[in-house]
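The values are calculated or read from the model by the stated rules, or taken from the named source; none is laboratory data. Note that the coordinates shown come from a computational prediction; the quantities given were computed from them, not determined experimentally. Neighbour counts run over all protein chains shown; Cβ positions are idealised from the backbone, glycine included. Side chains are part of the model used for accessible areas, which takes the heavy atoms of the whole protein and leaves out ligands, DNA and RNA. Shrake-Rupley method; radii C 1.70, N 1.55, O 1.52, S 1.80 Å.
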Amino acid sequence: MRYDLPDVLTVDAEGPVRIVVIDRPDELNAVNAEMHRALAGVWRQLAADQEAAVVILTGSGRAFSAGGDLDWISSFSDDPVARDESIREGAQIIEEMLRFPLPVIAAVNGAAMGLGASLAVLCDVVLMSDRAYLADPHVAVGLVAGDGGAAFWPLLTPILRTREFLYTGDRIDAATAVEVGLASRVVAADELLDEARKLAVRLAALPPEALRSTKRVVNMYLSQALAGPMQAGFAAEVVTMRSPEHRDRLLALRQRARAR
């Protein structure tokens, strides 16, 4: 099957396994407008691929995804249409991943921050490199963690731990992510993709209808629990996107990034 995607998101076929690669390595796979749109649309294309049975999601280079691209996010202050479109697409990404019928294995090869962390945790199995970490720094830049963290993490990990992680934006190393329920297991960095491939081949050999229906039932719990919090989270995120504090903190972050 031919996929209609930009170069920043690629799909490679290995038998019944599809490897989706977030591919902006020079920018630590930060999500810009083009990639955000692709992440919202790729799941329906994968579902239409009749030869696909399992998906692996990973990043190119040394990061899984460093979250939103700072230049793209900064543009929202002067472009409310782009801002609102990003919120619509953000909700679509979460909904499409929850509705996606095939099992998805995250091979978290490095930093997974903000939306990157949400993408990882929304997968069915989360394999983390021993060099990888999760973080949701929304609050630190004056934003509500609306695109997954505040709504989704409390379903997986104790609320007391979730609060501290989201309030501080601190890094969660791979071992801690497994301990609190945000990842499945830790894998040595040089074995990560091989381990993901082995698991994918094993899942692809299972009876497909039994596997897909099991995923559908499990995700019913998540979809029902997320309905209210996700809507509230995105609405609150839009409000904070307009705040002077967010603009100031984002500007300072961009200046620090450019000075490196």
Positive end of the charge dipole of segment 9-191 (Lys, Arg +1 and Asp, Glu -1 on Cβ, about the Cα centre): tell me which of Ser60, Thr176, Leu46 has its Cα farthest that way.
Thr176
For segment 141-158, Karplus-derived ³J(HN,Hα) couplings (6.51, -1.76, 1.60; θ = phi - 60°; whole Hz; x for glycine and proline) come out as 9, x, 10, 7, 7, x, 8, x, x, 5, 7, 9, 4, x, 7, 10, 9, x
For segment 200-205, Karplus couplings with θ = phi - 60° (6.51, -1.76, 1.60), whole Hz, Gly/Pro x:
4, 5, 4, 5, 5, 7
Normalised contact order of the chain, rounded percent, pairs of Cα under 8 Å and 6 or more residues apart:
20 percent
Would you calculate the separation in nanometres between label points at Arg212 and Met1, each defined as 7 Å from the Cα along the Cα-to-beta-carbon direction?
1.0 nm
Can you tell me how segment 5-93 classifies by the Cα gyration tensor, rounded, prolate or oblate, using a/c under 1.5 as the rounded cut?
oblate
Folded to 0 to 90 degrees: helix 80-99 orientation relative to the chain principal axis, Cα
30 degrees
Tell me, what is a quarter of the convex hull surface for the C-alpha atoms of segment 28-140, in nm² with one decimal?
7.3 nm²
Segment 139-222: C-alpha pair distances exceeding 18 Å, %
60 percent
Hey, rough spin-label estimate for Arg247 and Ala175, points 7 angstrom out along Cα→Cβ, what's it come to in nanometres?
4.5 nm
Positive-end residue, the chain charge dipole about Cα centroid, Cβ charges, pick of Ala204, Ile19, Gly142
Gly142
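Taking all protein chains in place and a 1.4 Å probe, what share, in percent, of the accessible surface of the chain do carbon and sulfur account for?
Working: 6610 of 12470 Å².
Ligands and nucleic acids excluded, carbon and sulfur give 53 percent.
So, for the chain, what is the accessible surface per residue at a probe of 1.4 Å, expressed in square angstrom? Each step should come with its number before you reach the end.
Numbers: 12470 Å² over 260 residues.
It amounts to 48 Å² per residue over the chain.
Suppose the chain between Gln50 and Asp79 were pulled fully straight at 0.36 nm per residue; how much longer would it get relative to their current alpha carbon spacing? Could the numbers behind the result be given before it?
Details: separation 29, 0.36 × 29 = 10.44 nm, distance 3.92 nm.
Length gained, Gln50 through Asp79: 6.5 nm.
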Amide H contacts of Gly59 (H built 1.01 Å from N, under 5 Å, at least 5 apart or other chain)
Ile22, Asn109
The answer for the net charge of residues other than His138 whose Cβ lies under 12 angstrom from its Cβ, with Lys and Arg +1 and Asp and Glu -1, is -2
